[in-house]
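The values are calculated or read from the model by the stated rules, or taken from the named source; none is laboratory data. These numbers come from a predicted model, not from an experiment. A quick note on method: Cβ atoms are made from the backbone with ideal geometry, for glycine too, and the neighbour counts reach across all protein chains shown. Ligands, DNA and RNA are excluded from the accessible area calculation, which covers all protein heavy atoms including side chains. Shrake-Rupley method; radii C 1.70, N 1.55, O 1.52, S 1.80 Å.
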Amino acid sequence: MKTLDSINREQRSAKIKGLGEFDLEYFQELEGKDGWLALGQENCLNQRYFTIIGSNTEKLGIVGVYDTDDEKNVTHTVVDPKYRGQGLAAKFKRQLMDELDLSFITMTIDPKNIASIRATEKLPGVKKVSDEKYEKDYNKVKYIYEKPQEKLTE
């Protein structure tokens, strides 16, 4: 017999189907009306945002990528709270890299966001590239992740 907890876990368990059209309303549900977004920012170029769609057509989160004058392929990832704790942020990034044929991505993370830093540091081959001065000046920890040769499996 299934318990309520096991049913909830099954409902939250998610597999990625692909990148869908960006849904601003959904983003605002996740991040609030004042959530930062590269779209419309003058210093953010080549902006591409997507809603991540699950295998049951559910929305799992948001992933985006943009360039600045100094950085290329900077990612922005938001996992829906219902699906956190499954390693989806890394899978979102890999899906983005596969579908847009990106050879690497740049991740800048608020140093207070320990969960994101831990998840990022688990990625095989990820390199921390920021130094103390960068982290103090920008209040971000910066990583570069190069695309592994093999395809992502679920």
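Things to note:
- Number of the condition not met by residue 109 [criteria: (1) among the aliphatic types (A, V, I, L, M); (2) open to solvent by less than 20 Å² (accessible area, probe 1.4 Å); (3) without any contact (Cβ under 8 Å) to a residue 12 or more places away in the chain]: (3)
- Screening residue 126 on (1) closer than 17 Å to residue 62 by Cβ; (2) open to solvent by less than 70 Å² (accessible area, probe 1.4 Å) shows it passes everything except condition (1).
- Options 89, 115; residue that is open to solvent by 50 Å² or more (accessible area, probe 1.4 Å) and part of a helix (DSSP H, G or I): 115
- Pairs with Cβ under 6 Å, 6+ apart, first in segment 61-72 and within 14 Å of residue 99 (Cβ to Cβ), second of a type in the set (Ser, Thr, Tyr) and part of a strand (DSSP E or B): 63/77; 64/49; 65/75
- Within segment 129-150, being open to solvent by 50 Å² or more (accessible area, probe 1.4 Å) and among the basic types (Lys, Arg) holds for 133, 136, 140, 147.
- Residue within segment 128-139 that is part of a loop (DSSP other than H, G, I, E, B) and hydroxyl-bearing (Ser, Thr, Tyr) present: yes
- Among all residues of segment 70-82, there is at least one that is more than 22 Å from residue 144 (Cβ to Cβ) and open to solvent by 20 Å² or more (accessible area, probe 1.4 Å).
- Residue 100 vs. criteria in contact (Cβ under 8 Å) with a residue 40 or more places away in the chain, under 11 Å from the mean Cα position of the chain (by Cα) and within 21 Å of residue 15 (Cβ to Cβ): no
Every residue, every condition in (1) in contact with a helix residue (DSSP H, G or I) (Cβ under 8 Å, 6 or more places away or on another chain); (2) modelled with pLDDT of 95 or more, yes or no:
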site	(1), (2)
88	no, no
122	yes, no
127	no, yes
132	no, yes
138	no, no
142	yes, yes
146	no, no
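- Considering segment 51-82, and only residues there that are among the hydroxyl-bearing types (Ser, Thr, Tyr) and part of a strand (DSSP E or B), the residue that is nearest to residue 104 (Cα to Cα) turns out to be 75.
- Annotation note: of 9, 48, the sole residue that is open to solvent by 30 Å² or more (accessible area, probe 1.4 Å), modelled with pLDDT under 90 and not aliphatic (A, V, I, L, M) is 9.
To keep it simple, each residue is scored yes or no on (1) among the hydrophobic types (A, V, I, L, M, F, W, C); (2) under 14 Å from residue 76 (Cα atoms).
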site	(1), (2)
27	yes, yes
33	no, no
36	yes, yes
53	yes, no
